[in-house]
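One structure is given below, encoded as structure tokens.
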Amino acid sequence: MITVVRVLGVVALWAVGVASAFVPLLFGGTYISLALSVALWLALAAGCRALLRPLGDRVGTVAAMLTLVLAVPLLNWVSVAPKLWFQTHRLAYGAAAESSGAGNGYYGTDLPLQWRWLTVDGRVVDKEGALFFPQWYGMPDDGGGYFYSRSGSPAGADMAGMLCQAPVNFGDGWWMCGMG
């Protein structure tokens, strides 16, 4: 019975990690967010190891390693490789673009719940016909992210105070701007 409780504890820790990947983060898309994600997953791995170590040192170590393997696709690593991040999640961005009823307010409107993790604040902004998926916002006023624009380049679009300059074309109407 105690073994079952320990295994359920590991499953609960993994659920926390998976859930953390699908919630917009205050510092999403930045190195701060990446550091917080790494710290969380390291803590989860340590917790899994501690829970299962009484069953054998090897069992605890394997659980910790499996936790870190699970972390790799779920970390908020957009700040490290924004092009690869987009390509990895391109289908999700496409679905979000199709299902969003983007408003043109300064910070846009909420994405449907299943797509909120794709932006820093769970919102998409309509910038004169181009949908802006913000990945980070700075202080006091700037930002960066991905655009979906069927009508061409989003160059000159306002990204919360910073204008999009030299956007990177991903094809099929997708662009990246202000992402390094």
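The residue among TRP41, VAL69, THR3 whose Cα reaches farthest toward the positive pole of the charge dipole of the stretch 1-131, with charges on the beta-carbon of Lys, Arg, Asp and Glu, is THR3. Taking the chain, the Cys residues with no second Cys beta-carbon under 4.7 angstrom are CYS48. When you restrict to C-alpha pairs under 8 Å that are six or more residues apart and normalise by the size of the chain, the relative contact order lands at 16 percent.
The share of accessible area on the stretch 1-71 that comes from carbon and sulfur is 81 percent, using a 1.4 angstrom probe.
Grab the DSSP H runs of the chain that are 4 residues or longer, score each as -39,500 (n - 2.57), total them, divide by all residues and round the 222 nm result to the nearest 500 deg cm²/dmol.
On the way: 5 runs with 77 residues, N = 180.
That comes out to -14000 deg cm²/dmol.
Quick one: check the C-alpha center-to-center distance for the stretch 1-65 versus the stretch 121-173, whole angstrom. So the two Cα centres are separated by 34 Å. Measuring nothing but how far apart in sequence close Cα pairs (under 8 Å, 6+ apart) lie, relative to its length, the stretch 122-180 scores a relative contact order of 29 percent.
For Cα extents along the principal axes in Å, the value computed from the atomic coordinates appears in the list (i) 97, 43, 29; (ii) 48, 37, 36; (iii) 60, 30, 28 under label (iii).
Count the net charge of all other residues whose Cβ sits under 9 Å from the Cβ of THR109, scoring Lys and Arg as +1 and Asp and Glu as -1.
On the way: positive: ARG123; negative: ASP110, ASP126.
Overall, the nearby charge balance is -1.
The 1.4 Å probe gives accessible areas that order LEU44, LEU51, largest first, as LEU51, LEU44. Normalised size of the stretch 18-90, defined as Cα radius of gyration per 2.2 N^0.38 Å with N residues, equals 1.24.
The values are calculated or read from the model by the stated rules, or taken from the named source; none is laboratory data. Quick caveat, the model's predicted, so the values are computed rather than measured. Neighbour counts run over all protein chains shown; Cβ positions are idealised from the backbone, glycine included. Just so you know, the surface numbers come from the protein's heavy atoms only, side chains and all, with ligands and any DNA or RNA stripped out. Shrake-Rupley method; radii C 1.70, N 1.55, O 1.52, S 1.80 Å.
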